Structures are given as C-alpha cells and as structure tokens.
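Trainee: Handing you this structure, nothing more for now.
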Amino acid sequence: MQTYDLEADGLRGLNAALQAQATETNQTVWEVVNPRGSHAIAVGLDAPIEVNVKGSTGYYCGGMNKQATVHVHGSAGPGVAENMMSGTVVIEGDASQYAGATGHGGTLVIKGNASSRCGISMKGIDIIVHGNVGHMSAFMGQSGNLVVCGDAGEALGDSLYEARLFVRGSVKSLGADCVEKEMRPEHLEMLADLLARGKCDAKPEDFKRYGSARKLYNFDIDNAY
C-alpha cells in the first residue's frame with residue numbers, strides 16, 4: 001500500500017501520481033493522510049485502483065472518476081463524485097450539496113446525509129444515501145437511480161426525465177412533473193441490488209418509487225404567457 005501525506009507533499013503530486021496509474025497500475029492501493037478538507041482530491045482517475053482518504057475532503061473529491069474506488073473516511077464538501085463515469089465513491093460521513101452531479105455511471109454511496117440538489121442532472125449514476133437528502137434532489141435527473149433510506153426535502157425530482165427515485169422515509173414535497181409510481185417486482189429486484197451495493201440493511205418493500213409524469217416533454221401552449 002502506498003501512503004501519501006497530503007499536508008507534506010501537496011495536492012498536485014497526489015493527483016499526478018494517481019492519474020499516472022492509468023498507464024501503470026502496479027500501485028493499486030493508496031492511503032491519503034492529512035487531507036484537512038482539501039479540494040479536488042483524487043480527481044480524474046482512470047484505473048482500477050483503491051484510494052482511501054483518511055479524513056474529510058473539500059470540493060469535488062472523486063470528480064470525473066473512472067474505474068477507481070475512492071473511500072472517504074470522513075465527510076465530503078460540495079460536488080463529490082461530480083461527473084463520475086464509472087467506479088465507486090464511498091463517503092462514511094455526510095456529503096454537502098450537489099453530490100453526484102451530472103454523474104454518467106458508477107456508484108456513489110453516502111453513509112450519512114446529503115445536502116441539497118443531490119444527484120442534480122444525473123445521467124446514469126447510482127446514488128445510495130443511508131440518511132436524508134436536501135431540497136431539489138435529482139433535479140433534472142435524466143437516468144440512473146437515487147436511493148434515499150431516510151427522508152427527502154422539498155421539490156424532489158423537479159423537472160425529472162427518466163431517473164428512478166426510491167425513498168423509504170417522508171418526502172416534504174415533489175417537484176414539477178415528479179409523481180409517485182407503482183413499485184413493480186422488477187423495481188423491487190433492482191432496489192434490492194442497489195441496497196446490497198450500498199451495504200444498506202433496509203428492505204425494498206419499505207420504499208416508495210417516484211418518477212416523471214412526462215408532462216414536460218413537449219411544449220404546451222397553455223403554459224405560455
């Protein structure tokens with residue numbers, strides 16, 4: 001295992017070393033110590049490596065991730081796993097706003113709570129939140145899955161496209177064009193797999209499913225002013 005002291009050796013050196021693993025992956029397990037809330041830790045990775053961050057991070061940790069597993073043993077600032085393509089990002093604590101924004105693939109697991117706009121404009125990412133999510137989560141979500149084991153704030157799924165939302169707790173309010181939908185057997189099976197990947201002990205039967213009513217897909221003259 002490679003140990004990198006971020007305070008002593010700096011962020012540029014860390015990301016350069018991690019990104020270099022795209023061409024040579026002999027150093028497959030990394031431990032980052034003394035992160036102290038630094039921004040942009042472990043961004044732009046494209047190799048099947050494991051990065052363990054021993055502490056909390058700032059903005060955009062794990063952004064643009066491909067293949068790698070980034071495990072934050074603390075909380076994460078805004079935009080964690082932003083624009084992720086594949087791989088896994090796990091946050092042991094809480095995540096700030098717009099976690100998993102525009103994610104195209106991969107899995108983001110947040111073991112605490114997520115703030116506002118979790119999964120905004122998600123495009124295929126799977127996000128599993130053990131706690132609650134803030135207002136306007138999955139805003140303009142295009143595809144992928146958002147699983148919330150706790151409660152959801154206001155305007156959940158506002159202007160949603162085809163992303164699937166599963167919430168076990170209460171929903172303060174639904175956003176424009178977001179409606180509750182039937183939970184069919186295929187959805188229970190899908191949700192069971194997502195919960196297993198997120199290491200959640202919740203039961204799929206305890207969740208409700210939400211999705212797009214598809215009323216905003218086409219122009220309606222009655223909505224013009």
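The values are calculated or read from the model by the stated rules, or taken from the named source; none is laboratory data. For clarity, every value in this text was computed on a predicted model and none was experimentally measured. Cβ placement follows ideal geometry from the backbone for every residue including glycine, while neighbour counts extend to all protein chains displayed.
Trainee: Just name the residue that is farthest from the chain's Cα centre (by Cα) out of those in segment 123-146 that are part of a strand (DSSP E or B) and aliphatic (A, V, I, L, M).
Mentor: Of all residues in segment 123-146, those part of a strand (DSSP E or B) come to 123-129, 133, 143-146.
Now restrict to residues that are aliphatic (A, V, I, L, M): 125, 127-129, 133, 146.
Values: Ile125: 7, Ile127: 4, Ile128: 7, Val129: 8, Val133: 11, Leu146: 8 Å.
Taking the candidates together, the pick is Val133.
Trainee: Now a separate question. State the number of residues belonging to segment 18-65 that are surrounded by 24 or more Cβ atoms within 10 Å (Cβ to Cβ), on the phi > 0 side of the Ramachandran plot and in contact with a helix residue (DSSP H, G or I) (Cβ under 8 Å, 6 or more places away or on another chain).
Mentor: The number of residues fulfilling the criteria is 1.
Trainee: Which members of segment 73-97 meet the condition of being more than 11 Å from the chain's Cα centre (by Cα) and either of a type in the set (D, E, K, R) or under 19 Å from Gly13 (Cβ atoms) (or both)?
Mentor: Passing the criteria: Glu92, Asp94.
Trainee: Restricting segment 169-190 to residues that are part of a loop (DSSP other than H, G, I, E, B) and touching a residue at least 24 places away in the same chain (Cβ under 8 Å), which is surrounded by the most Cβ atoms within 10 Å (Cβ to Cβ)?
Mentor: Gly175
Residues are listed down the side, and each one gets a yes or a no for (1) in a loop (DSSP other than H, G, I, E, B); (2) of a type in the set (Val, Ile, Thr); (3) within 30 Å of Val53 (Cα to Cα):
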residue: His71; (1), (2), (3): no, no, yes
residue: Val89; (1), (2), (3): no, yes, yes
residue: Ser159; (1), (2), (3): yes, no, no
residue: Glu162; (1), (2), (3): yes, no, no
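Trainee: Something else about it: Write out, first by first residue and then by second, each pair whose Cβ atoms fall under 7 Å of each other, whose residues are 6+ apart or on separate chains, and whose first residue, in segment 106-117, is not assigned by TED's automatic domain parsing to the domain that holds Asn145 while the second is acidic (Asp, Glu).
Mentor: From residues that are not assigned by TED's automatic domain parsing to the domain that holds Asn145, the pairs are Thr107/Asp126; Lys111/Glu92; Gly112/Asp94; Asn113/Asp94.
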